[in-house]
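First up is the structure itself, then whatever we jot down about it.
The values are calculated or read from the model by the stated rules, or taken from the named source; none is laboratory data. Given the structure is predicted, the values throughout are model-derived calculations rather than measurements. All Cβ positions, even for glycine, are placed from backbone atoms using ideal geometry, and neighbour counts span all protein chains on display. Ligands, DNA and RNA are excluded from the accessible area calculation, which covers all protein heavy atoms including side chains. Shrake-Rupley method; radii C 1.70, N 1.55, O 1.52, S 1.80 Å.
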Amino acid sequence: MEKYLLYINGQFRESSDGGTFKAVNPASGEVIAEIAKATVEDTRAAVDAARNAFDSGIWSELPREERSRIIKQIVDKINENARHLTGLEVADSGSTLKKAGEDVFLSAKSLNHYSKMALLDLNEEVEGLSKPGVSKNIVRREPVGVCALIIPWNFPLKMAIWKLGPALAAGCTVILKPAMETSVTAMELARLIDQTDMPKGVVNIICGPGSSIGTELTSNPKVDKVAFTGSTEVGKTIMKSAAGNLKKITLECGGKSANIVLDDADLETAVDGAIYAGFYHQGQCCEGGTRLLVHEKIYEPFVNLLKEKIERMKIGDPMDKTTNVGPVVNESQFNSVMDYIRIGKEEGAEVLTGGKRYGEKGYYIEPTVFINATNDMRISQEEIFGPVVTLIKFRDDDEAVKIANDSVFGLGGAVWSGDDARALRLAERLRTGTVWINEYHLLSDRAPFGGYKQSGIGREFGLDGLKEYTEAKHIHIDEIKDRTKKTWYAVVVPQDNGS
Ligand code: NAD
């Protein structure tokens, strides 16, 4: 069986107490790897390595071209090992083969984009307060420093890259902590990075429990920034823990996004889109369209077609190319999703389709849709993070906006309509970070992604995402050489008033 070690200061090590944990395939229950489980002591060693690497300037002071070249080496390594990484992602996370293949491809593509962003000169000269010509004002973008990157289990490799890419492009050093449920591809990434020219200590990768090593990372005063993706609940804990030395934080948290189908939408497309929005990766997507709002005029045909199409989906072995629905990530997630299905029934919503475990082996749940639901039910307000969609009927566009915005979250959402102008008007009224029109889930390396309200703080991707890993420094160079002409001269030097 494969054994993965911690990656600290360019060395692979056992954990300080020799502890390990097992990676389990959620489709079969088989153990696929053993992974060193970091202790607080190991975490401190990783932070020290990142701190020393940052302070030495071996990464932050490298010419931009050199940083870009080394990041590109990682891209090449991912591409060379794409098949292997895809297989591991399926076995470790229960992703379908198609989704895992896409994730690996998109990880390389995204990192390639960051290798180009590393070349950008973000420094600029701006106009000062005083008249032009009397001062020069430079705004420099400098790396924020040592970053703790904490990621969840639903897109393991992609999430690692989405954080590593901008952090490294900006010149930061990092400690990456994947979720224990899915640490394998992050540990493979450590092996790949070790084969590049990346200076030692710039990238450190350690696995272990959030409650111990996550807390150490977020409270350690040698860490300058925490970039976190995960649940809103843990995001709030991290805010408190990071307050000690006022770390910069970006939080990408939960969602309960509204997927709005207007009466003029193409029915087939909207139904397919609703399935994609709600059930992609078994619904384990933060931005998933888990509240499906359907116009009353098309409600009957929409619901009938939705049920028919969902019941034709193939549930089963994620390694089978024709599988649409794989297992959820583990037993505890399985139990939590099944609990919500029970809660939905108790709240009075009706199961249109699904609602049960599928098969006897592996953590499979039938794609489930609740109808006759209201927006105040727990199944409409809380993030279930599994294959469960709550369908709510609405009367007109105003009501759709009201329901959509009646949520503590604000991450994603969509509008399906035959009229782009009408859809756009509606999109502009939604209090959420991303709105798709006649699409879902697609993110761009160039456009910001992040949450309103309790879905998060800060943005990933694009220039906004890169700047999250920088500090802005203003340098004012005064060009007035005659001290008596300085704007403040009369304030500090006693003046002869002539009397
Ligand atoms: P989680 O919040 O339980 O864990 C996320 C990460 O935080 C893991 O690595 C975990 O070990 C670590 N962690 C846990 N407690 C910690 C603590 N006290 N201090 C520091 N780190 C700690 O989330 P999860 O169950 O792994 O993932 C599912 C959640 O992630 C969902 O809520 C989902 O919406 C969210 N998510 C959000 C986005 C986004 O971009 N907004 C993307 C994917 C997932």
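Report the residue count in region 57-68 for those that are part of a helix (DSSP H, G or I) and touching a residue at least 40 places away in the same chain (Cβ under 8 Å).
Initially, region 57-68 is screened for residues part of a helix (DSSP H, G or I), giving 64-68.
Filter once more, keeping what is touching a residue at least 40 places away in the same chain (Cβ under 8 Å): 64-65, 67-68.
So the answer is 4.
Which residues, counting only those in region 321-346, are exposed (fewer than 12 other Cβ atoms within 10 Å of the Cβ) and away from the ligand (no atom under 16 Å from the Cβ)?
Selection gives K321, T322, R342, E346.
Residues of region 159-183 being under 15 Å from G214 (Cβ atoms) and either in a loop (DSSP other than H, G, I, E, B) or within 8 Å of the ligand (Cβ to nearest atom) (or both), which ones?
Within region 159-183, M159, K177, P178, A179, M180, E181, S183 meet the criteria.
Counting only residues that are closer than 22 Å to A167 by Cα and either more than 21 Å from the chain's Cα centre (by Cα) or among the aliphatic types (A, V, I, L, M) (or both), how many does region 86-123 have?
Residues meeting the conditions: 11.
Just to check your reading of the model, which residue among V47, V40, V75 is in contact with an Asp or Glu (Cβ under 7 Å, 6 or more places away or on another chain) and touching a residue at least 12 places away in the same chain (Cβ under 8 Å)?
Result: V40 is the single residue among V47, V40, V75 that is in contact with an Asp or Glu (Cβ under 7 Å, 6 or more places away or on another chain) and touching a residue at least 12 places away in the same chain (Cβ under 8 Å).
For every residue, the table says whether it meets (1) at pLDDT 95 or above; (2) closer than 23 Å to E268 by Cα; (3) within 17 Å of the chain's Cα centre (by Cα).
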residue	(1), (2), (3)
E383	yes, no, yes
V388	yes, yes, no
N405	yes, no, no
A414	yes, yes, no
L442	yes, yes, yes
F449	yes, no, yes
K453	yes, no, yes
H476	no, no, no
E479	no, no, no
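Can you tell me which residue among V389, V329, V415 is aliphatic (A, V, I, L, M) and in a loop (DSSP other than H, G, I, E, B)?
Criteria check complete, one pass: V329.
Keeping to region 469-496, report how many residues are in contact with a helix residue (DSSP H, G or I) (Cβ under 7 Å, 6 or more places away or on another chain) and either closer than 30 Å to C172 by Cβ or open to solvent by 90 Å² or more (accessible area, probe 1.4 Å) (or both).
Result for region 469-496: 3.
Looking only at region 353-386, which residues are touching a Leu at 6+ places or on another chain (Cβ under 7 Å) and among the aliphatic types (A, V, I, L, M)?
Answer for region 353-386, where residues must be touching a Leu at 6+ places or on another chain (Cβ under 7 Å) and among the aliphatic types (A, V, I, L, M): V369, I371, A373.
Does S231 satisfy the criteria of being in contact with a helix residue (DSSP H, G or I) (Cβ under 7 Å, 6 or more places away or on another chain) and within 10 Å of the ligand (Cβ to nearest atom)?
no
Just to be sure before I move on: is E216 open to solvent by 10 Å² or more (accessible area, probe 1.4 Å), within 24 Å of S241 (Cα to Cα) and in contact with a Phe, Trp or Tyr (Cβ under 6 Å, 6 or more places away or on another chain) in the structure I sent?
no
Which one of these is touching a helix residue (DSSP H, G or I) at 6+ places or on another chain (Cβ under 7 Å), under 30 Å from V31 (Cβ atoms) and either open to solvent by less than 30 Å² (accessible area, probe 1.4 Å) or within 14 Å of the ligand (Cβ to nearest atom) (or both): V203, V146, V223?
V203
Evaluate region 257-272: report whether one residue or more is touching a residue at least 40 places away in the same chain (Cβ under 8 Å), in a loop (DSSP other than H, G, I, E, B) and within 19 Å of the chain's Cα centre (by Cα).
Yes.
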